[in-house]
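Okay, so here's the structure we're looking at.
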Amino acid sequence: MSRASNRFDTKKVNSELVTLTYGALVAQMVKDAENTDDVSKQLERLGYNMGVRLIEDFLAKTGTGRCMDLKDTADKIQSAFKMYLGVQPNVANWSPGGDEFSFILDTNPLTDLVELPDDLKNLKYCNIICGVIRGALEMVQLDVQSWIVQDQLKGDQNTEIRVKFIRRLEDAMPAGED
Amino acid sequence: MCDQSVFEIFHSELVNYVIQNNETQLKNTSKTHGEDLSNLEYIGFSTGFRIIERLTRELPRFRDELDTMKFICTDFWSAIYMKQIDNLRTNHQGIYVLQDNCFRYLSKLSNTKQYLDLSPRYVTFTCGLLRGSLANLGIRSIVTAEVQTMPSCKFHIQVQRN
Amino acid sequence: MAVCVAIIGKDNSPKFLSSLNPDEELCFQYKILSSLDIVEEKIHGVNRATDNRELFLGLLYALETHKIYGYVTNTKMKFIIVVDSSNIALRDNEIRSMFRKIHSEYADIICNPFYIPGEPITFKSFANNIKNIMTGTV
């Protein structure tokens with residue numbers, strides 16, 4: 001009785017499991033927190049913790065080496081989106097200095113069939129993704145900021161997540177520091 | 001579609017969130033006398049309730065309670081945990097024991113008695129998932145988990161009849 | 001084309017009701033709630049067709065002016081469709097298809113974390129989608 005049966009498409013079920021559990025978690029956080037901003041921050045932090053672990057999984061599964069530059073990094077994150085969320089965002093809106101860019105998502109399993117109620121219009125529902133990006137990149141010595149620019153849940157055409165490179169982190173602590 | 005590892009890592013962070021939230025709200029933090037994992041169980045309940053609605057959309061009606069339990073042990077468990085329940089026992093009077101010899105969230109913790117006291121954290125979501133799924137199928141129950149040797153886990157379902 | 005659609009919960013309390021003509025709504029409510037007895041009969045009754053495990057229950061009863069059809073999900077949600085008797089062009093298959101679409105809509109609203117199952121459904125988008133199914137524009 002141990003072999004898996006094939007009645008359901010396990011990939012689809014897994015996707016729905018993530019969507020539903022994420023939704024239940026957000027609903028719980030809304031109950032626990034004092035205000036919507038707190039929830040948005042907590043989602044980002046939770047995403048950060050996930051990103052720190054997901055990067056290990058990603059590097060192990062893809063055997064990828066160091067990124068040459070930010071464009072390379074953006075491409076790698078793009079394939080991570082495909083691998084982990086099953087969506088392929090567009091990388092666009094590069095800043096003139098080449099230190100900022102956006103991921104444009106026209107579909108997002110996390111927000112599938114979600115409708116924000118009126119009293120939660122300020123909630124950054126997808127903030128977990130910003131956190132994942134920040135956490136994952138910190139593990140490869142990149143300090144970045146990530147935030148939501150456009151949000152489908154707020155009526156925009158697409159969801160746009162912007163990433164800004166701040167600085168490269170030191171690989172090792174300088175001698176003399178504890 | 002999502003990769004498996006996403007949900008596993010997300011599940012861990014879910015557990016961490018509930019534990020940390022308990023600490024900030026100064027709830028019971030004793031590890032030995034049962035942490036307050038009721039929020040985690042409720043998240044599982046909510047998810048199970050909803051996912052079963054979607055999973056059973058195309059299926060014919062279940063014949064009876066045992067038929068429903070068999071579905072949970074086979075198709076449902078396979079869809080979510082990539083394997084079937086290894087052993088189902090029942091006293092035919094509303095008590096069911098579902099045994100999973102290699103429960104997914106415990107197999108990453110350990111294969112021995114190490115971390116046994118942390119095991120409740122990793123089975124509570126699933127208890128809720130089971131309770132929610134059964135509830136939406138019209139079966140009210142209490143679901144608990146028994147872990148003696150990781151990664152094996154027994155889920156005890158006690159059906160509540162009026 | 002349906003004139004009225006109702007979604008009734010496990011406890012037989014209505015979760016959603018929509019009619020094309022708001023004046024007839026109260027009258028339909030009464031008819032629909034009465035038809036629930038027949039639904040129970042079909043699922044649990046002594047006269048039920050043995051081993052009929054289909055979700056679509058067929059015609060529940062026919063009035064002079066309207067026909068009432070039923071459908072019960074595995075999760076004990078009951079969907080009721082009321083059609084005008086004069087609409088003879090409407091075939092069984094079309095009714096089944098409408099029920100499947102309604103079921104699909106319901107399964108979708110369940111995914112909204114801000115909808116608590118068991119509460120009445122008040123989302124405008126849901127109401128619009130059901131109206132489209134009723135008028136056959138889907």
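Laboratory data are not the source of any read-out in this text; all were calculated from the coordinates shown. Since this is a predicted model, take the numbers as computed values, not measurements. Positions of Cβ are backbone-derived with ideal geometry, glycine not excepted, and every protein chain shown enters the neighbour counts.
So what is the relative contact order of the stretch B:34-104, in percent, for Cα pairs below 8 Å that sit 6 or more residues apart?
Averaging sequence separation for qualifying contacts and normalising by length gives 16 percent for the stretch B:34-104.
How high is the relative contact order of chain A, in percent, counting Cα pairs under 8 Å that sit 6 or more residues apart?
After rounding, I find 25 percent.
Run through all the Cα pairs of chain A and give the fraction in each 5 Å bin from 0, expressed as whole percent.
Values per bin, smallest distances first: 1, 7, 15, 19, 19, 15, 11, 7, 4, 2, 1, 0, 0.
Just want the ordering: C:ILE95, C:ILE8, from fewest to most Cβ atoms lying within 10 Å of their own Cβ.
Lowest count first: C:ILE95, C:ILE8.
May I ask you to sort A:TRP147, B:TRP77 by Cβ crowding, counting other Cβ atoms within 10 Å and putting the fewest first?
A:TRP147, B:TRP77
Can you pull out the GluC sites (Glu not before Pro) in the stretch C:1-100 whose DSSP state is coil and whose Cβ has at most 15 other Cβ atoms within 10 Å?
C:GLU54, C:GLU64
For the ranges C:109-120, A:110-121, what's the packing order if you count other beta-carbon atoms within 10 Å of each residue, average per peptide, and put the highest first?
Put in order of decreasing packing, that is C:109-120, A:110-121.
Only Cα pairs under 8 Å and at least 6 apart count here; give the relative contact order of the stretch C:4-135 as a rounded whole percent.
It rounds to 26 percent for the stretch C:4-135.
Ignore the peptide's own chain and count Cβ atoms of other chains within 10 Å of each Cβ in A:26-34; give me the average, rounded.
Taking all residues of A:26-34 together, the mean is 4.
Could you work out the local net charge near A:SER15, counting Lys and Arg as +1, Asp and Glu as -1, over the other residues with Cβ closer than 10 Å to its Cβ?
Charge balance in the 10 Å sphere: -2.
Report, as an integer, the average count of C-beta atoms from other chains found within 10 Å of each Cβ along B:9-21.
5
For chain B, modelled as a Gaussian network with Cα springs under 10 Å, which listed residue fluctuates most, B:LEU130, B:LEU88, B:LEU59?
Comparing B:LEU130, B:LEU88, B:LEU59 in a Gaussian network model of chain B, the most mobile one is B:LEU59.
Give me B:ARG50, B:ARG63 ranked fewest to most by other Cβ atoms within 10 Å of their Cβ, as a rough exposure proxy.
Fewest-to-most Cβ neighbours within 10 Å comes out as B:ARG63, B:ARG50.
Let's see if you can work this out: charge +1 on each Lys and Arg Cβ, -1 on each Asp and Glu Cβ, no other charges. What is the dipole magnitude of chain B about its Cα centre, in debye to the nearest 20?
I would put it at about 280 debye.
Beyond 19 Å, how much of the Cα-Cα pair distribution for the stretch C:1-133 remains, as a whole percent?
For the stretch C:1-133, the fraction of Cα-Cα distances above 19 Å is 47 percent.
Can you give the Kirkwood hydrodynamic radius of the protein assembly as shown from its Cα pairs, in Å with one decimal?
24.7
How many Cβ atoms of partner chains, on average, are near each residue of B:38-46 if near means within 10 Å of its Cβ?
Whole-number average of other-chain Cβ neighbours for B:38-46 is 4.
Here are some pairs, A:LYS11/A:LYS124; A:LYS12/C:LYS76; A:LYS41/A:LYS154; A:LYS11/A:LYS82; C:LYS15/C:LYS124; which of them have Cα atoms lying more than 21 Å apart in this structure?
In this structure, A:LYS11/A:LYS124; A:LYS12/C:LYS76 lie more than 21 Å apart at Cα.
For the stretch A:13-110, state which GluC sites (Glu not before Pro) are in a DSSP loop and have at most 16 other beta carbons lying within 10 Å of their beta carbon.
Of the GluC sites (Glu not before Pro), the ones in loops of the stretch A:13-110 whose Cβ has at most 16 other Cβ atoms within 10 Å are A:GLU34.
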